[in-house]
Amino acid sequence: MREQFIAVWGVGHIGMTTLISLSNVGYRGVAVDVNKDVINRLKTCDNLFSLLDEYYCESVDLNLANIKVNAYTPNDVLRISETIDIHFVCVPTEEKGLPMMDIVKDTISKICDYEKTQNKDSVTVVIESTLTPGTARILHEMLLGKFPDKHIHFVVAPRRDWFEKDYRLSDIVRIYGADSEETADFIEPVLRITTPTIKRASHYTISEIVKPVENAFRHLDIMFAQQLAVSYNDIDIREVLELAGTKWNVNTYFPSIGIGGYCIPISSKYILAGEKAEEHLTLLQEVVEFEKDFLDLLCDFIYSSGIKKIGILGVSYRSDVIMLKGSHLVGIVKRLQELNIEVYLTDPLFDLKDIEQFFDSKTFDINEVDKYNLDSIIVNNWH
């Protein structure tokens, strides 16, 4: 039997680590991405391991040899001469903080265009992107409608990546579901290569909604902590929450100046945007609305305090994550600047020039803080 040939559609963190982990055990494949800079990097790179600088959490686990991977834009996929056995869809499904399923639907259309040229009796698609509930069925029906005479293997297996050294792909539990037990049995050993610990859902409609739901639970808890801090601002709510967390079945969350990251801020919106029978998700609706209001409450409080120059220590959405993308400070900095407040940022984990460019803001050296004459410094803590 020939080696399995795969296509990874979307080579950000999810797609890149899928591509590398499978390549590392002998799979051959292609990378497909709309970003021509990404494609050029892959085409000119002799060793995929050198591209892991952006995905540092996995670099110690993926002992990759010199493996060359061909790369294409979606419009060039028809030029692929090999027969693709498995399509992994890892494209983004959010835009400007809102769920956006157009890219994943367009990707399935491109896969259909390719498969029309192939003389084989089956099509296998694994969705690793996060979806709004109901989208998976639409994608599955697209494939069934295009290929009524072919055997469709359809899998939804979103990733739970967490950029922390104790939660690598080899450590996390991954949920997956398929259109049939046959498909689930077939894809399970493939998924275990990237994420060894996996748990099967009864159907892809179940695995599709698990990730938004689990993150929405955290979203509710975090926003409740924020609301408590705003409502009881004359007492130390951090101490209250820490003591409440000593109860065996209560998690401990702390109020902070915002919610950032890839999953939590948008999790409730994925569920609200899904195909629902009734409009009973009022708690999530209120959380989303309050999150918008909280930014204004925070910035208006700073403005009303007479602060003209403010420093913020910590620029990522977590204190131990070396990543600017996903930072909740983007909206805060912009709003403060609109109020004519000078904002200075710093973080010992980042180059100050990178901070300046990403946030379009000034920076300060924490070791020489006195020379900036700041009126106040905010510590950007995690929840």
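Listing for the model above:
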read-out	value
Gained length - SER109 relative to ASP300, 0.36 nm times residue gap less alpha-carbon distance	64.1 nm
Solvent-accessible area, 1.4 Å probe, carbon plus sulfur percent, for the range 237-383	53 percent
Cleavage-rule hits, trypsin sites (Lys or Arg not before Pro), the range 1-46, DSSP coil, Cβ neighbours within 10 Å at most 16	ARG2
Prolate/oblate/rounded call for the range 286-383, Cα gyration tensor, a/c under 1.5 rounded	oblate
Size of the range 83-126 as Cα extents on the principal axes (Å, biggest first)	40, 15, 11
Relative contact order, percent, the chain [alpha-carbon distance under 8 Å, six or more residues apart]	12 percent
Of all DSSP beta bridges in the chain, antiparallel share, percent nearest 5	10 percent
Which listed pairs, of LYS96/LYS150; LYS146/LYS276; LYS199/LYS247, have C-alpha distances above 32 Å, in listed order	LYS96/LYS150
Whole-percent carbon and sulfur share, accessible surface of the range 99-232, 1.4 Å	52 percent
Fraction of alpha-carbon pairs over 32 Å apart in the chain - percent	41 percent
Chymotrypsin sites (Phe, Trp or Tyr not before Pro) within the range 216-260: DSSP coil, no more than 15 neighbouring Cβ in 10 Å	TYR232, TRP248
Accessible area per residue in Å² at 1.4 Å probe, computed on the range 277-383	58 Å²
Residue-averaged 222 nm ellipticity for the chain, from DSSP H runs of 4+ at -39500 (n - 2.57), nearest 500	-12000 deg cm²/dmol
Probe 1.4 Å, all protein chains present, accessible-area order of SER231, SER376, largest first	SER231, SER376
Highest-fluctuation residue, ASN35, ASN24, ASN119 considered, GNM on the chain with Cα pairs under 10 Å	ASN119
Heavy-atom accessible area per residue - the range 147-259, 1.4 Å, Å²	51 Å²
Aspartates and glutamates whose Cα lies under 14 Å from that of LYS105, excluding same-chain neighbours fewer than 8 positions away	GLU94, ASP113, GLU128, GLU141
Rough spin-label spacing in nm, given labels placed 7 Å along Cα→Cβ, for LYS96 and GLU181	4.8 nm
Shape of the range 326-383, Cα gyration tensor, a/c cut at 1.5	rounded
Order of exposure, largest accessible area first, which applies to SER361, SER81 with probe 1.4 Å	SER81, SER361
Loop trypsin sites (Lys or Arg not before Pro), the range 242-306, which have at most 16 other Cβ atoms in a 10 Å radius of their Cβ (DSSP)	LYS247, LYS276
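The values are calculated or read from the model by the stated rules, or taken from the named source; none is laboratory data. Keep in mind it's a predicted model, so treat the numbers as computed, not measured. When we count neighbours, we look across all protein chains shown, and the Cβ atoms used for this are built from the backbone with ideal geometry, even at glycine. To get the accessible areas, we keep the full protein, side chains included, count just its heavy atoms, and leave off ligands, DNA and RNA. Shrake-Rupley method; radii C 1.70, N 1.55, O 1.52, S 1.80 Å.
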